[in-house]
Amino acid sequence: MKSFSYRNSSASSFPSPARLDPNRMSCEGSPMTMSPWNQTDGGSNFPWSFEENLPQNVLIGSLVREEGHIYSLATTKDLLYTGSDSKNIRVWKNLKEFSGFKSSSGLVKTIIIAGEKIFTGHQDGKIRVWKVTPKNPTIYKRSGTLPTLKEILKSSIRPSAYVQVRNRSALWIKHSDAISCLTLSEDRTLMYSASWDRTFKVWRISDSKCLESINAHDDAVNSVVASLEGMVFTGSADGTVKVWKREQQGKTTKHSPVQTLLKQESAVTTLAVNTSGSVVYCGSSDGMVNYWECEKLFSHGGVLKGHKLAVLCLAAAGNLVFSGSADKTICVWRRDGKLHASISVLTGHTGPVKCLAVEEDHEKSKDGDQRWVVYSGSLDKSVKVWSVAEMAPDMYQMAMMQPRQQHFGSDADSLPSDGSSRAGKNRGGKSSDP
């Protein structure tokens, strides 16, 4: 997305220092509670004053096609793929519709790109594979379904290939419920699929073969992410986050459980790992984002409190973390050492934010000013495109730039871990519907 003209949006607003209580808890410094829309004192007497040379987060544009709620996003090079409950996958280039293709059934819950292949996971439990035709980049054709027909026929004649799923027999290589998430291994040779059938499966990209199926949780598996050194994380509606380790045993790929990071009543809805693989983030139906330091034996780092309703999606890029919520907002957090500061709240969607995708903005990024293009898909049937600066001042700093500054003791927007998960008490369900 290179040729866009930037315009200021209602992405971020900050309270004046007059509203900041020096005795407030750090959790009260969250983007949601600091928002001027949640203030009740009648408004500030001070005008906003932003320095012109400060990087700001701006809305680039919106993609709207009145055909369905947006459930999934994926980006590669200069193309954006969007999936909806209309069964369509739309392809966008430079904020304009470039192409599209349609599945035969099942809303498109997740999209992932591996080389020349596009994988889509669907409500009907199937994974479909698509390729661009060599002679025309605007034409996409389905090249297969996972598991392949060959693998199904081969397995169906073996009694050992059947497992019991909800009081009926099913092939272990097939998902028996909706696909909730797809992700790639760090070397991009394997794909992981998570499902409401409580399992996650491992697929070899080269030949589309299912290598392993793991009965991972006691309820729907809502998210799976892979990290460095063969580590895999799964999050479930049963309120747990689990860590798995991939090992090669001869010609066999085996995933073994390592530990459970979280046990809570609220459903785990989404997971993300930062670029370096040092931090794993978990979003829940209680609106919280927990995180763990992978390099410190998965010690609990803290809780990010910025949403009033369920966190539905997460994305990490550089030192930034983005959380999309059923409260229709996207919180932007910057990691600095052990703490996270809220630097923006992106507003504009009129429905829950269901999915996020992030890519580096090479043209706008300069030395010391890393910028990212953020795509947010919503159940309001739109995709919004944002430009976000990594070095933008955090919300507390912006408040301090107002006239008649008052200086208070610094506190973080992330809550340091005290060894507890600080879980909410609402049991969430499967994460397709907020």
Quiz item: Does segment 204-219 include one or more residues that are assigned to a helix (DSSP H, G or I), more than 19 Å from GLY283 (Cβ to Cβ) and in contact with a Ser or Thr (Cβ under 7 Å, 6 or more places away or on another chain)?
Solution: no
Quiz item: Which of (1) closer than 20 Å to ASP336 by Cβ; (2) touching a strand residue (DSSP E or B) at 6+ places or on another chain (Cβ under 7 Å); (3) surrounded by 14 or more Cβ atoms within 10 Å (Cβ to Cβ) is the odd one out, the single condition GLY283 does not satisfy?
Solution: (1)
Exercise. Among the residues of segment 155-195, count how many are in a strand (DSSP E or B), crowded, with 17+ Cβ neighbours inside 10 Å and in contact with a helix residue (DSSP H, G or I) (Cβ under 9 Å, 6 or more places away or on another chain).
Key: 1
Quiz prompt | Subset of segment 304-331 [farther than 19 Å from GLY277 by Cα and either open to solvent by 30 Å² or more (accessible area, probe 1.4 Å) or outside any loop (DSSP other than H, G, I, E, B) (or both)] | solution = LYS305, LYS308, LEU309, VAL311, LEU312, GLY324, SER325, LYS328, ILE330, CYS331
Quiz item: Between a first residue in segment 304-317 that is over 13 Å from LEU271 (Cα atoms) and of a type outside the set (D, E, K, R) and a second residue that is in a strand (DSSP E or B) and open to solvent by 20 Å² or more (accessible area, probe 1.4 Å), which pairs have beta carbons less than 7 Å apart while being 6 or more apart in sequence or on different chains?
Solution: ALA317/VAL358; ALA317/TRP372
Exercise. For segment 219-268, name all the residues that are of a type in the set (S, T, N, Q), open to solvent by 20 Å² or more (accessible area, probe 1.4 Å) and farther than 19 Å from GLY301 by Cα.
Key: GLN248, GLN249, THR252, SER256
Quiz item: Which residue, of SER185, SER160, SER193, is of a type in the set (Gly, Ala, Ser) and over 27 Å from THR269 (Cβ atoms)?
Solution: SER160
Self-check item: Qualifying residues in segment 123-148 (those that are farther than 17 Å from SER103 by Cα and outside any strand (DSSP E or B)) - the one least open to solvent (accessible area, probe 1.4 Å)
Solution: PRO134
Quiz item: On the given criteria, is SER99 touching a residue at least 40 places away in the same chain (Cβ under 8 Å) and either surrounded by fewer than 19 Cβ atoms within 10 Å (Cβ to Cβ) or assigned to a strand (DSSP E or B) (or both)?
Solution: yes
Exercise. Answer with yes or no whether GLY277 is farther than 17 Å from VAL221 by Cα and in contact (Cβ under 8 Å) with a residue 12 or more places away in the chain.
Key: yes
Practice problem: Inspect segment 100-110 for any residue being in contact with an Asp or Glu (Cβ under 7 Å, 6 or more places away or on another chain), at pLDDT 95 or above and on the phi < 0 side of the Ramachandran plot and give the result as yes or no. | Solution: no
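The values are calculated or read from the model by the stated rules, or taken from the named source; none is laboratory data. Please read these numbers as outputs of a predicted model, since none were measured by experiment. Using ideal geometry, Cβ is built from the backbone for each residue, glycine included, and neighbour counts are taken over all protein chains shown. Accessible surface areas use protein heavy atoms only, side chains included; no ligands, DNA or RNA. Shrake-Rupley method; radii C 1.70, N 1.55, O 1.52, S 1.80 Å.
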